[in-house]
1. Nm distances between the label at A:Arg79 and the same-position labels in the remaining copies, 7 Å along Cα→Cβ, shortest first?
2. Just the C-alpha atoms of the stretch A:43-126: what Rg/Rh do they give, with Rh taken as the Kirkwood radius?
3. Evaluate the distance, in nm, between pseudo-label points positioned 7 Å from the Cα of B:Asn60 and of A:Gln81 along their respective Cα→Cβ axes.
4. Roughly how many nanometres apart are two label points built 7 Å out from the Cα toward the Cβ at B:Ile151 and B:Asp115?
5. Enumerate the whole-percent occupancy of each 5 Å bin, from 0 to the last occupied one, for all C-alpha pair distances of the stretch A:89-162.
6. Sort B:Tyr15, A:Tyr80 by Cβ crowding within 10 Å, fewest neighbours at the top.
7. Taking only the C-alpha atoms, wrap a convex hull around chain A and report its volume per residue in Å³ as a whole number.
8. Per 20 Å bin, what percent of the C-alpha pairs of the protein assembly as shown does each bin hold, from zero upward?
Number of protein chains: 2
Amino acid sequence: MGVHDSVATIDHARYTADNCSIGRTLEIIGERWTILVLRESFFGVRRFDEFQRNLGIARNILAARLQTLVGAGLLERRRYQERPERFEYRLTQKGRDMYPAMIAIKAWGDKHAADPEGPSVTLMHGDHEFAPDIRCAECGEVVEARDISPIPGPGAKLKAVG
Amino acid sequence: MGVHDSVATIDHARYTADNCSIGRTLEIIGERWTILVLRESFFGVRRFDEFQRNLGIARNILAARLQTLVGAGLLERRRYQERPERFEYRLTQKGRDMYPAMIAIKAWGDKHAADPEGPSVTLMHGDHEFAPDIRCAECGEVVEARDISPIPGPGAKLKAVG
C-alpha cells in the first residue's frame, strides 16, 4: 500500500502533536453545531433569527457557537441597525478560508454518510454540479495520500523528555 | 460580497439540517484525538504502540478512538501475528477518502492556527512542497464560496411541522 511508504520520512515519536494544525482546526470546528453555523454562513445567512430558524437550534446554544466563531475570528459581529440595536454575523477572510475544508468534508459525507436517497444538499457551479478535485497547487496533479510525504515543518517541536 | 448571492437558492427554513453530510462527518472526525489517530494512519502508522507513542495519548483513550474509527469503517483491524495475537489498524478506502478533508483542514490550520515559527508538518509532493488547490472536478476552475450555489439535493428532507 503506497500510503505507507512515507512512514520513514518523519520520526513522529520525536515530535509533539500538540501544535498540529489539524488538531487545532478541529478544536474550533469539531463541534457539530459550530460547523453547521459556519455552513449557514456560507449559505449566506447573517442574522441570529435566521440561523436559529434554519438550524432549529436552542437560542443559548446558537449564541455560544456564534461566540466561538467570532472569538476564533471566523465571523465578525456587526451592528446593522441602531434602534433597536441589531447585529449580524459575517464571514471574515479567515472564515472564508475554511471553505475548501467544508466542501471536502461535505464530499466525504455525501459519499459515505448520506441517506440512501443521496445528499441533502447539492452544490451547483454555474450550470453543472460541483464536486471538488484536490490538486497540488504547484504542479496541478491530482494527489492521493500515497503521493505525499510529511516532513518536520518550521514549527516542529521536539517532545519534552519525561 | 458574492458569498451571499446564493442565499435565495435554497429555502433552508424548510429543510432539516439533521441529515447534513457535514454534520455527520464531524460526528466521526470532530473529536480531536480521533482525527489525530487518523492523521497518524495517513502517516503510515498501523500499530497500537506506535499510535500511542507518537500521540502521547492514554491507552484507554487511544483504544476508544481506534474503536470509533473501526466502527465507522475508516480503519480495519487485522491480525498480523498469532502468538501472541497482535492486531494492526489499516485505512480502508472509506478512510483514505478522508484525505482531501484532512489536507484542507491542515491547510487552514497551517495558515491560521500555526505557531509563529510555522506549521509543525510540511507535506512534500515529490521534490516540491504540497499545498492543496480545490478545483471543480467538472470544469477545472478554482472555486470559492461565491461561485457555488447550494440547492436541495436528492436526500433533502422537509422539516417536521411543529
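1. 7.0
2. Taking Rh as the inverse mean 1/r over Cα pairs, Rg/Rh reads 1.03.
3. 5.2 nm
4. 4.9 nm
5. Once binned at 5 Å, the Cα pair distances of the stretch A:89-162 give 3, 10, 13, 16, 19, 15, 10, 7, 4, 2, 1, 0.
6. So the residues, fewest neighbours to most, are A:Tyr80, B:Tyr15.
7. Normalising the Cα hull of chain A by residue number yields 207 Å³.
8. 31, 57, 12, 0
Read-outs: derived from the displayed coordinates by stated rules, not from any lab. The structure displayed is predicted, hence computed values, not measured ones. Please note: Cβ atoms are built from the backbone with ideal geometry, for glycine as well, and neighbour counts cover all protein chains shown.
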